[in-house]
Amino acid sequence: MSIPRTHPVKQGPTELAAVARTGEVIRLRPPRFSDYRDWRRIRLRDRAVIEPFWASSPLSWEARHTQDEWVQECMHLRSDRRSLGFVIEVDGRFAGQVNLFGIDSVSRSAELGIWMDSAVGGRVIGHLAVSILMDHAFTTLGLYRLTAPICVENLPASRGADRIGFVREATMKKSFGAGGRRKDHILFAMTADRVPGEGLTARWSDPTAPVIRPPQPVDRRISPRNLATSCRFVLGTAKRIAPGRAALQAAPAHVGGLILRPVHALSPPLRRRRREDEGGVLEGVWQPTSPWAGWSGHAFGYRVEQNGVHLGTVGFEPVDLVRHDATLRVDATGDDSHRALLQAAAWLLDRAFEVLHIERVQTGVDSCNAAAAGFAKALGFALEGRMRGITTRDDRLRDIDLWAKVANTGTDSETCRLDHAAPVGE
């Protein structure tokens, strides 16, 4: 199925609002530095219900909620062109956050996350906040698919996603580090074709009470203290991923009778060739499920040669050295190169798990591509589910099977270092 191409881009600061059926005015606005005290107070009070499903960190919960940490988060949301973040206000009071991560203009997709103040939870306010942002994403941003990975242990969030209309597509094994260890997550998804004609917001809002949104200035002042914090944020991220990047700068490798020549770690994503007969081509069409793919991830791979003949490329697009996961990409020049590429990919996976300390590798395979599915199975990948309505580079909608392989560490110890993602639900 071919679809019209639009080019979603990150919009500038904006405000979105609606009135809940219970009467509260729900407003989404960009975060401000001055939100720090409310953010810290609520997050510390609600630690017991947030931390088990929040990204793992070596820092204590209190240390993760300092003014410096809040400024860093605001700076990240403002500067990252693939993220769009909002504070949730209930009758003018700070009550949580709802964000879009990994906004992708090619796949017309993004990932959604939310956390809510427990004092206003349980009254569908979270459902309305999510619906407001989803309607904005499907209309103004021109996206087609939104995902929401939710920890299998987070039953309230899963029930909330079900009520909003998300579809359960896959169970991703050890996909994300939360509460101190990597945990399985259910991949929920919503596509634009499943949105009712009146939109998602109408179900939870009062249509008789339109909201007039007065313009409110966004606090963009950066004090010397906040400027220093933002500089530490940039330098800290670079420091964390530097060792892994150095490890990727490898010399050509000899694997059996193959020569694997490195592709520069900071090069653009590995580009896929268009083929008329795709049934036997070893190339996945991956739909990102990580909000951090555009932050600390980059492409890296090897050009595979045998007797001077180029057989294809194996690599990761992206490999995330902060979150410790990667997406496998295999491009074949022809059907006769599959065996050699299988050998090269197996070597690359061993290197990822043992040298780069990657804990999970996933790949997406067209549901009709038996050759690619057999390739993934031969590498030890397990089928986790089917992602529907993926927009590919040729502007078509396809169903993509999600395959994954996790490191055999014998422990659930967590090495993830990010702390900005959140499950959907209240």
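The values are calculated or read from the model by the stated rules, or taken from the named source; none is laboratory data. Quick caveat: nothing in here was measured; it's all calculated off a predicted structure. Don't worry about glycine lacking a Cβ; one is built from the backbone with ideal geometry, like all the others, and counts go over all protein chains shown.
Here are a few things to note about the model shown:
- The residue of the range 299-311 that is nearest to VAL355 (Cα to Cα), among those that are surrounded by fewer than 24 Cβ atoms within 10 Å (Cβ to Cβ) and touching a residue at least 12 places away in the same chain (Cβ under 8 Å), is ALA299.
- When the range 99-117 is filtered for residues that are closer than 30 Å to THR22 by Cβ, within 14 Å of the chain's Cα centre (by Cα) and of a type outside the set (Phe, Trp, Tyr), the ones remaining, listed by number, are ASN99, LEU100, ALA110, GLU111, LEU112, GLY113, ILE114.
- Cβ-Cβ contacts under 8 Å between residues 6 or more apart (or on different chains), taken from a first residue in the range 27-38 that is part of a helix (DSSP H, G or I) to a second residue that is of a type in the set (Lys, Arg) and at pLDDT below 95, are listed as PHE33/ARG221.
- Residue count, the range 184-229 (criterion: at pLDDT 90 or above and either among the aromatic types (Phe, Trp, Tyr) or assigned to a loop (DSSP other than H, G, I, E, B) (or both)): 8
- Of all residues in the range 39-90, those satisfying the criterion of being assigned to a helix (DSSP H, G or I) and charged (D, E, K, R) are ARG40, ARG41, ARG43, ARG45, ARG47, GLU51, ARG64, ASP68, GLU69, GLU73, ARG78.
- Within the range 157-171, being assigned to a helix (DSSP H, G or I) and touching a helix residue (DSSP H, G or I) at 6+ places or on another chain (Cβ under 9 Å) holds for ALA157, GLY160, ALA161, ARG163, ILE164.
- All positions within the range 330-357 that are under 29 Å from the mean Cα position of the chain (by Cα), without any contact (Cβ under 8 Å) to a residue 40 or more places away in the chain and within 19 Å of VAL263 (Cα to Cα): LEU342, ALA345, ALA346, ASP350, ARG351, ALA352
- ARG386 meets all of the listed conditions (1) closer than 21 Å to TYR144 by Cα; (2) modelled with pLDDT of 90 or more; (3) surrounded by 17 or more Cβ atoms within 10 Å (Cβ to Cβ) but one, namely (3).
- Look at (1) modelled with pLDDT of 90 or more; (2) surrounded by 16 or more Cβ atoms within 10 Å (Cβ to Cβ) and you find that GLY425 fails only one, number (1).
- Selection status of ARG40, more than 21 Å from the chain's Cα centre (by Cα) and farther than 30 Å from ASP206 by Cα: yes
- Pick from the range 43-78, criterion among the aromatic types (Phe, Trp, Tyr) and within 18 Å of ILE114 (Cβ to Cβ), ranking: farthest from the chain's Cα centre (by Cα): TRP70
- Scope the range 112-149; condition among the β-branched types (Val, Ile, Thr) and not in a helix (DSSP H, G or I); matching residues: ILE114, VAL120, VAL124, THR140, THR147
- From LEU133, LEU128, LEU143, residue being more than 23 Å from TRP54 (Cβ to Cβ), assigned by TED's automatic domain parsing to the domain that holds ARG108 and crowded, with 22+ Cβ neighbours inside 10 Å: LEU143
- Residues that are among the β-branched types (Val, Ile, Thr) and touching a helix residue (DSSP H, G or I) at 6+ places or on another chain (Cβ under 8 Å), drawn from the range 99-119: ILE114
- Of all the residues in the range 113-138, those that are farther than 17 Å from GLY85 by Cα and not aliphatic (A, V, I, L, M) number 4.
- Those residues of the range 78-117 which are among the aromatic types (Phe, Trp, Tyr) and modelled with pLDDT of 95 or more, in sequence order: PHE86, PHE94, TRP115
- Any chance ASP395 is acidic (Asp, Glu) and at pLDDT below 85: yes
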